[in-house]
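Heads up, the thing below is written out as structure tokens.
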Amino acid sequence: MKSVRRLDNLFVRLLLLQTLLILAVSVIFGVLFYSERNVSLARLTAERLAPRLLEAAGLTGGSALAEGPLARYAALPQGAVTIPPVGPRLATLREALIAQGVPVVSFAFSRPEPDSDRRTLWLKLQPGEALGALWVPLPGEIVISHVGVRLLANAGVCMALLVAASWWFTRRLTRPLEQLRLAIETQDPAQATAVEPPPIDERATPEVLAMDRAWRELLARTRQHESERALLLAGVSHDLRSPLARIRLAAEILPDGPATSPRREAIVRNVETACALIDTFVDYVRAGELPLDECCDLADITRTVVKRLGHGEQALTLSAPQALRSSPCNSQLFERAVCNLIDNAFQHGRGPVHVRLFDDGRSAIVEVSDHGEGIAPAFRPTAFQAFARGDQSRSQPGAGLGLAMVGRWVQRVGGRITFVDPETEATHGIQLHLPLSR
């Protein structure tokens, strides 16, 4: 199916359409050419044969013709078949002979002789009512047209040249569209520092050039909006840290007492929640800005993350090879991504949580699974978008940026994310397919 889809594109359709048009025009031209050629040959043949046929019918006196008289028979030989004058050459031959005064009534063909493949054309002449009809044999090649091998070869060469010219024209017409498609596919508007796409062919049609300009303008505006949004998130997050720190400090210096201790603990707890949300905003911004210039050992980083989280061996397990390297990568972003996936599993799933790293030969795969119900299929297409929340009631804390940060980073490194729904186990998980280090 994939090979069929590759052939189903604008280039193939245009090339096929032009080839069919060339073939149709060639067939129409060939039919008209042979029709006119047959008519012309029939008229020339009638002019050449008319004197001999008139002499054979006894309508002219003497036999002074250089080619000699034609044979005459009172009846058709056995096996001859009468045919109507329906072809262009046969009908024109009959009309031209009648115009020359030859009393042609009908035609017949006799089969070729055993030692020859030549047919004979028989003309039935009726000189008058008093005289009987007679049959005159003529070579069948007069009305049987053969297509020469040389003509077919020349036609084939011309067709090949026309198809080659059509291929060149179609390729030149569709190449800018293919360049524009590839440029659009390789660009991520969320990356404000992305490399500018290469220009398309300047010889493209004005419509394609206008599409390219409109797309580049839209890309520039989208990048500007994304940059302003990231700057706003980073700025607000930074500005909020100072007042939150002062609030926490003021709460901690409150005197101990039965009335103040619960309130102080509530203030500190809410400040910590606000700081965690701020960290989430900062992580999301960094996911689109930090450079991807490292070759990371995913297994070593994951072991460090699992140990630091301190959930215990019963609640959080890890299976990983001694080393699993991925490039391009960023150790900070990968560490944050693993933390977010584990936190999401504990917060929205059900333990124990299992982290597994392995190499399938094409990608380095990081899988985080739990024994919960998993992400609902209806929510999966938008699960990794910014501010997406599976819990629409927002009964759970969070800003909806944890998985968005993971999705943004995975997209930057050229990976992909899949969902795991095993049939034999009551576990559901998320897999990150990351590029291997070669």
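The values are calculated or read from the model by the stated rules, or taken from the named source; none is laboratory data. Computed from a predicted model, the values in this text were never measured in an experiment. For neighbour counting, all protein chains shown are included, and Cβ atoms are generated from backbone atoms with ideal geometry for every residue, glycine included.
Quick rundown of the values:
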read-out	value
The stretch 35-58 residues that are closer than 22 Å to P103 by Cβ, paired with ones that are among the charged types (D, E, K, R) and in a helix (DSSP H, G or I) (beta carbon under 6 Å, 6 or more apart)	A42/R89
Residue selected from the stretch 89-108 under the condition within 16 Å of G140 (Cβ to Cβ) and of a type outside the set (A, V, I, L, M, F, W, C), by the criterion surrounded by the most Cβ atoms within 10 Å (Cβ to Cβ)	R89
The one condition in (1) of a type in the set (S, T, Y); (2) closer than 22 Å to A276 by Cα; (3) touching a strand residue (DSSP E or B) at 6+ places or on another chain (Cβ under 7 Å) that T304 fails to fulfil	(3)
Out of E228, E289, sole residue that is assigned to a helix (DSSP H, G or I) and acidic (D, E)	E228
Pairs with Cβ under 8 Å, 6+ apart, first in the stretch 260-273 and assigned by TED's automatic domain parsing to the domain that holds L249, second β-branched (V, I, T) and in a helix (DSSP H, G or I)	I267/I247; V271/I247
Long-range neighbours under 7 Å by Cβ, at least six apart or interchain, first residue on the phi > 0 side of the Ramachandran plot within the stretch 74-92, second modelled with pLDDT under 80	G79/R111
Among the candidates A276, A245, A251, A234, residue that is surrounded by 12 or more Cβ atoms within 10 Å (Cβ to Cβ), in a helix (DSSP H, G or I) and at pLDDT below 70	A234
Residue, nearest to G429 (Cα to Cα), within the stretch 301-321, restricted to residues that are within 41 Å of the chain's Cα centre (by Cα) and either surrounded by fewer than 16 Cβ atoms within 10 Å (Cβ to Cβ) or not aliphatic (A, V, I, L, M) (or both)	S319
Elements of type strands (runs of 3 or more DSSP E) contained in the stretch 296-381, each with 1 or more residues being basic (K, R)	325-329, 353-359
Residue count, the stretch 173-195 (criterion: at pLDDT below 65 and either among the hydrophobic types (A, V, I, L, M, F, W, C) or touching a Cys at 6+ places or on another chain (Cβ under 6 Å) (or both))	4
